[in-house]
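Have a look at the structure below before the remarks.
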DNA sequence: TATAGTAGGTACCTAGAGGAAAGTAACTAC
DNA sequence: GTAGTTACTTTCCTCTAGGTACCTACTATA
């Protein structure tokens, strides 16, 4: 948070070091835990904090809070606070977040057709490594 | 979207921990430094180690080696070793890696149309946070 | 009094990713 | 015999993301 002097697009353009126009998107959309969160909100609709916490079992509340804040700041998730007792907070996908749906579908499609190729390549690589010694 | 009984959503149901069928793909394709490497190989063709090292300026040789090994193991990159003196190694995108091209294009397209929305959302969020105290 | 439910905040600590810099092999050129 | 080249490898070190555990406020319930 301390060193955000410029946005992600500026990084891609002004930073010749990256030489990769998709890096900024990757940082926003595919940073840790964000894809399960976005997928969950996209698939199961508006949810409360505990619902997300239970669905994504291995996430801790601290990290879930951090990721949700980040996604809210990036405009991908909308947070609605109801000042009741006990307090109730609901999270849902924003319009901008929903625009990622075809991208996620594309990714899922690639997974179904190519993930086994990756696994086969891994087995092949590991086996060859064993015989090579 | 919520009630997809077949396809990738079904995986989400059977694996309660992840609750996200695209997580494995993200780990493979979008782990750190992989997208600049794949982009570079995809855009500029077959390249030697030092060429990649110079193009992706901020990467260290150790990490570049690690990432290239991982990508080779996953079958996304093909490594060709020429036992000359000094040694020459060439890296190129594999068939499987090339199948990611439309996905990357999709991502780049999303970036061009929506990245500014993200930045505007960030500014809005930060400004509101300041006024809130 | 104590406990549960709710959405976090905060302090502390660890593991692991990643960076810096030097080393290695193998041969050539000088 | 020393420097140069390439593609790493190794060692050491730092930094931070993330985990654990406890804390907040408020009310209902036993």
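What to note about this one:
- The set of residues from segment B:77-100 being more than 10 Å from DNA strand D (Cβ to nearest atom) and at pLDDT 95 or above comprises B:77, B:78, B:92, B:93, B:94, B:95, B:96, B:97, B:98, B:99, B:100.
- Residue B:91 satisfies every condition listed in (1) over 20 Å from residue A:77 (Cα atoms); (2) more than 7 Å from chain A (Cβ to nearest Cβ); (3) surrounded by fewer than 18 Cβ atoms within 10 Å (Cβ to Cβ); (4) over 16 Å from the mean Cα position of the chain (by Cα) except (3).
- All positions within segment A:34-48 that are in contact with a helix residue (DSSP H, G or I) (Cβ under 7 Å, 6 or more places away or on another chain) and farther than 10 Å from residue B:20 by Cα: A:34, A:42, A:47
- Between A:107, A:115, A:100, the distinction of being touching a residue at least 60 places away in the same chain (Cβ under 8 Å) and within 30 Å of residue B:95 (Cβ to Cβ) belongs to A:100 only.
- The number of residues in segment A:36-66 that are under 19 Å from residue A:101 (Cβ atoms), more than 9 Å from every other protein chain (Cβ to nearest Cβ) and surrounded by 13 or more Cβ atoms within 10 Å (Cβ to Cβ) comes to 3.
- Single residue of segment B:58-101 satisfying the filter (touching a strand residue (DSSP E or B) at 6+ places or on another chain (Cβ under 9 Å) and in a loop (DSSP other than H, G, I, E, B)) that is farthest from DNA strand C (Cβ to nearest atom): B:94
- With respect to the conditions (1) loosely packed, with under 12 Cβ neighbours inside 10 Å; (2) within 13 Å of chain A (Cβ to nearest Cβ); (3) within 16 Å of DNA strand D (Cβ to nearest atom), residue B:73 lacks only one, and its number is (1).
The values are calculated or read from the model by the stated rules, or taken from the named source; none is laboratory data. Quick caveat, the model's predicted, so the values are computed rather than measured. Every residue, glycine as well, gets a Cβ built from its backbone with ideal geometry; the counts of neighbours run over all protein chains shown.
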